[in-house]
Structures are given as C-alpha cells and as structure tokens.
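What follows is calculated from the coordinates using simple rules that are stated; it is not laboratory data. Since the model is a prediction, treat every value here as computed from it, not as a measurement. Using ideal geometry, Cβ is built from the backbone for each residue, glycine included, and neighbour counts are taken over all protein chains shown.
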Amino acid sequence: MEKAVVILSGGLDSTTCMGLAQAAGYEVYPLTFDYGQRHDIELACARKVAAHYKVKSHPVVKLDFLRQIGGSALTDENIDVPHSGVATDEIPITYVPGRNLLFLSMAASYAEVIGATAIYIGVNALDYSGYPDCRPEFIEQVQKTLAVGTKAGVEGEPIRIETPLLHWTKAEIIQQGMAIDVPYELTTSCYEGKAEACGECDSCRLRLKGFAEAGYQDPIPYRNLSSS
C-alpha cells in the first residue's frame with residue numbers, strides 16, 4: 001500500500017483530505033504544525049481526527065518562527081481578527097507569510113523518510129480568503145522544486161502534491177466529504193479558536209455558507225449565527 005503524508009490542521013479542508021487520501025487507497029500519515037496560531041483548538045481537533053482514522057503515526061511539529069515574526073492576525077495578538085466578511089479584492093490580514101511553503105517543505109522531508117509517494121494539502125482556489133499560497137501557480141512551482149530538490153525527485157520518482165480540493169467550492173468539498181463519512185464534528189475552522197466557533201470571521205462564514213449550499217447542518221457549535 002502506498003503512503004501519503006496529509007498536512008492536517010484539524011480544519012474542514014485538511015480533514016476532508018484525510019478522508020479522500022484514505023478512500024484513494026493510501027496509508028495516511030498526518031502531519032500537524034503548531035506554529036503559534038491563535039486557534040490552538042485545531043491541534044486538539046487534529047489529534048481527534050488522526051485517532052478517528054487510526055493512523056500509525058502523527059507528528060505535531062513545533063514551528064515557533066511564524067509566531068515570532070508575526071505579521072498575521074492568526075499569529076500576532078496585536079492584530080485583530082477581522083469580522084467584516086470574506087475579502088475578495090486584497091490579501092487579508094489573516095494570511096500567514098510563507099506558511100504553506102514551510103509546511104510543504106517539511107512534509108516533503110517526512111515523505112522521503114517514510115517512503116510516501118504523495119503529499120495531500122487542502123488548498124482551495126475558489127471558496128477561500130485570497131491567500132497566494134492556495135493558488136494553482138504556487139502548487140505547480142513547489143512541485144517543480146520537489147522534482148529537482150529531493151532525492152526522490154532526482155531518482156525519477158518525485159513526490160506528488162495532491163490538491164483534490166483545489167477547484168471545488170466549499171459546498172462541493174462538504175458533499176464529497178459527507179459521501180465518505182468525513183468526521184466534520186471533530187473539526188473547527190474558526191480563526192478565534194474558542195470552544196464555540198464565532199460564526200463571524202471569514203473562515204466561519206465560508207464554512208457555514210458551504211454547509212448551507214451543500215444541504216447539511218454544520219455539526220459544530222457556534223456562538224453567533226446572526227450575521228452568517
């Protein structure tokens with residue numbers, strides 16, 4: 001059985017990737033990053049998701065550098081999380097500089113060590129908040145880098161970056177996940193990182209919109225649904 005590293009945050013998209021990778025026949029190896037994010041609750045969710053899928057190993061990587069440099073509302077307590085709706089014309093302050101580049105680099109290292117042939121990452125270029133490291137162009141360039149900058153790539157078997165959610169709407173993601181029993185009740189997406197999701201930040205709004213359009217009720221608790 002081939003192995004796949006899954007970058008698992010504990011959120012909706014990455015958990016869907018876990019389900020899709022397993023459904024595709026891979027033995028899944030989740031990799032989670034503790035990078036000083038506000039939403040530490042995601043780490044607990046990631047552990048629950050990993051347990052649900054009965055994985056053999058689940059490293060949680062301490063990556064404090066992103067918290068040290070700040071520059072994002074998700075890592076810098078001096079920057080407020082916005083609640084004004086989903087941004088469409090600019091890169092929002094919730095963008096974490098270089099996050100997916102770092103995550104993919106470390107996932108590639110892990111993949112080489114365990115002999116995984118694929119890395120699953122839940123980037124999405126449709127229903128997302130405008131992050132540059134969620135675009136197809138970014139994934140294509142990292143894939144080229146892995147082909148020339150890793151042992152596996154030089155030997156002619158480059159690690160594939162799998163992005164099954166890339167061109168799906170949030171509703172389509174949820175529909176596909178529900179079809180394979182992805183445990184969305186174990187996940188969270190809120191930027192605030194509280195026990196109850198805020199229902200107001202970009203991530204909550206996108207998630208709630210997706211569930212509504214998919215025809216399902218979101219199974220996690222929310223503090224405020226009035227503006228969603």
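What is the sum of charges, Lys and Arg at +1 and Asp and Glu at -1, for the other residues whose Cβ falls under 14 Å from the Cβ of Gly70?
Result for the neighbourhood of Gly70: -1.
Quick one: compute the contact order of the chain, relative version, from alpha carbon pairs under 8 angstrom and 6+ residues apart, as a percent. Provide the component values of the computation, followed by the final result.
On the way: 449 pairs, mean separation 54.8, N = 228.
Contact order relative to length: 24 percent.
Pull out a ≥ b ≥ c, the square roots of the eigenvalues of the alpha-carbon gyration tensor of the chain, then state rounded if a/c is under 1.5, prolate if not and a/b is larger than b/c, and oblate in the remaining case. Walk me through the intermediate numbers first.
On the way: a/c = 1.64, a/b = 1.34, b/c = 1.22.
Verdict is prolate for the chain.
Based on other C-beta atoms within 10 Å, arrange Lys170, Lys144, Lys54, Lys3 from fewest to most.
Numbers: Lys170 25, Lys144 12, Lys54 8, Lys3 16.
By the 10 Å Cβ count, ascending: Lys54, Lys144, Lys3, Lys170.
Filter the cross-link list Lys3/Lys209; Lys54/Lys209; Lys3/Lys144 down to pairs whose alpha-carbon distance in this structure exceeds 26 Å. Spell out each step's value before the answer.
Numbers: Lys3/Lys209 33 Å; Lys54/Lys209 30 Å; Lys3/Lys144 21 Å.
Violating the 26 Å Cα-Cα cut-off are Lys3/Lys209; Lys54/Lys209.
How large is ³J(HN,Hα), in whole Hz, for each residue of segment 11-23 in order, when computed from phi with the Karplus curve 6.51 cos²θ - 1.76 cosθ + 1.60 and θ = phi - 60°, using x for Gly and Pro?
So the J values, rounded to whole Hz, are x, 5, 5, 5, 5, 4, 4, 4, x, 5, 5, 5, 5.
Pull up all non-local amide H partners of Glu162: gap of 5 or more, or a different chain, and H-to-H distance under 5 Å with H placed in the peptide plane.
Ile119, Tyr120, Ile121
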